[in-house]
Amino acid sequence: MQLALPIYTFVDQSIMKQMATDLYRRLPRIRPQTQWHFLLLFPWFIPLLTYWVIGSRYWTEPWIFITATILNLSIAGCCLVTLDLVTQHVISRYPNLGQTWQRVWRLIVVFMVITPCFVFGTITAYSYFHLFGYVYDPETLSIGRIALVNLIANLLSVGIDESTYSLKKWRENKLEKEQLEKINIQSQLESLKNQVNPHFLFNSLNSLSSLIDEEPEKAEQFVDEMAKVYRYLLQTNEDVLTTLDTELGFIQSYYHLLKTRYGAGIQLTVDIVSQARTYQLPPLTLQMLVENAVKHNVIHASKPLLIEIRTTDDGQLLVRNNRQRRTSGRIASNQVGLSNISAKYRLLAQTDPVVLADDDYFTVMLPLLKPAHA
């Protein structure tokens, strides 16, 4: 019995501590900007406003000074928390640096609506309950003067808030851009590796070797298509964008090499509206997706790999293949190809491609960029 009490007390305290921790985590977080508001505005705004309301007694009577200051600080704290929550909502709606003006004018409107409610509501409460002996006198307390000070305080608050937020966002964007540039460099290195991929080159040469004796005309065509593939790989390494029509021409040559090797085991269907052919996308995007499809799926004449490239009604490019995953010698996917494609789109300030996968199909939706002259 002597041991039960301490154990019970310990468990009870632990439960209470966990409950308090969970409650704290659920509470809205006050942003650092709000703390700056408090430090820069309240030390002068609250005493000044309180002095205008109470008069000289605020400075001469310690009890009035302490209680009035605490009361007004509490009211101002509630006002500040309300403004902080509304500000977080506005920022969540307009978070980008390019939306600064939309964010700023909405914050000014919000501040100019909420703060007068608290300020003049407090003055009304002072007058109604005669707090600290206060009686409203329009000659001694100018509403216009209070409104002017309130306007200055609001402009300072919005300025502080927007300056700190914009600086933070600029730093985040700069860091993200540096990371994306690093990923892009890695993507270029990966592209260089693919250009001299010994497996692809070895398989292509094997296919060519078998054609030379048996079908010399097809061997000549194979050499032409192989030259087009490697010429494109070399020429587009530094390009940021290429037209969809150019990329499709390359894919046809690339597919010719695959078709020669796999025969009836692989099929490619292309259905592109004529207008979309002038649209743009990062080079070698289609090659990465086709290569991934070949790498991770069974290719057999009885179970052909079906690859489809087409435009959608909303102007995107759909690349899809049926899924028939390897059961032996399966290659683990490291998502490097998809990561490189996403990084290229982010560097172009575009939305990421959408990847959809189920038991039957693997689908990638690629945004197409309109040409500058369109």
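The values are calculated or read from the model by the stated rules, or taken from the named source; none is laboratory data. Not measured: the values here are computed from a predicted model. With ideal geometry, Cβ positions are generated from the backbone for all residues, glycine too; neighbour counts draw on all protein chains shown. Note: areas computed on protein heavy atoms with side chains; ligands, DNA, RNA excluded. Shrake-Rupley method; radii C 1.70, N 1.55, O 1.52, S 1.80 Å.
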Worksheet item: When ranked by the protection proxy of mean other Cβ atoms within 10 Å per residue, highest first, what sequence do the peptides 155-163, 227-235, 270-278, 353-361 form?
Response: 155-163, 227-235, 270-278, 353-361
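Multiplying the sequence separation of Trp59 and Asp271 by 0.36 nm and subtracting their Cα-Cα distance, what value in nm do you get? The partial results should precede the final answer.
Numbers: separation 212, 0.36 × 212 = 76.32 nm, distance 8.21 nm.
Between Trp59 and Asp271, full extension yields 68.1 nm more.
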Worksheet, complete the sentence: Here FRET efficiency (C-beta to C-beta, Leu201 to Asp314, R₀ 51 Å, nearest 0.05) is 0.85
Practice prompt. Kindly write out, for the stretch 61-73 in residue order, the coupling ³J(HN,Hα) from the Karplus curve 6.51 cos²θ - 1.76 cosθ + 1.60 (θ = phi - 60°), rounded to whole Hz, with x marking Gly and Pro.
Written response: 10, x, 5, 5, 4, 5, 5, 5, 5, 5, 4, 5, 5
Discussion item. Using the basic label-point model (7 angstrom from Cα toward the beta carbon), what is the Ser127 to Thr363 distance in nanometres?
Written reply: 6.5
Worksheet item: Quick one: which of Lys218/Lys303; Lys259/Lys303; Lys182/Lys344 span more than 20 angstrom between C-alpha atoms?
Response: Lys218/Lys303
Worksheet entry | Dipole in debye (nearest 20) - the stretch 214-339, about Cα centre, beta carbon charges: Lys, Arg +1; Asp, Glu -1 | 740
Fill in: Estimated distance in nm for a label pair at Phe42 and Val355, the labels positioned 7 Å out from Cα along Cα-to-Cβ
4.8
Worksheet item: For Glu61, what accessible area in Å² do you get when you roll a 1.4 Å probe over the heavy atoms of the protein chains, rounding to the nearest 10?
Response: 70
Item to complete: Rank by packing, highest mean first: peptides 112-122, 282-292, with packing defined as the count of other Cβ atoms within 10 Å averaged across residues.
Response: 282-292, 112-122
Worksheet entry | Under 5 Å, built H, 5+ apart or other chain: amide partners of Tyr361 | Arg323
Worksheet item: Rounded to the nearest whole Å², what accessible area per residue is found for the stretch 220-358 with the 1.4 Å probe?
Response: 50
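What FRET efficiency comes out for His300 versus Glu181 if R0 is 51 angstrom and r is the Cβ-Cβ distance? Round to the nearest 0.05.
According to the calculation, E is roughly 0.75.
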Worksheet item: Can you list residues whose amide H is under 5 Å from Leu348's amide H, if they're 5+ apart or on another chain and H is modeled 1.01 Å from N?
Response: none
Fill in: Theoretical FRET efficiency, 1/(1+(r/R0)^6), r = Cβ-Cβ of Ile70 and Asn96, R0 56 Å, to 0.05
0.85
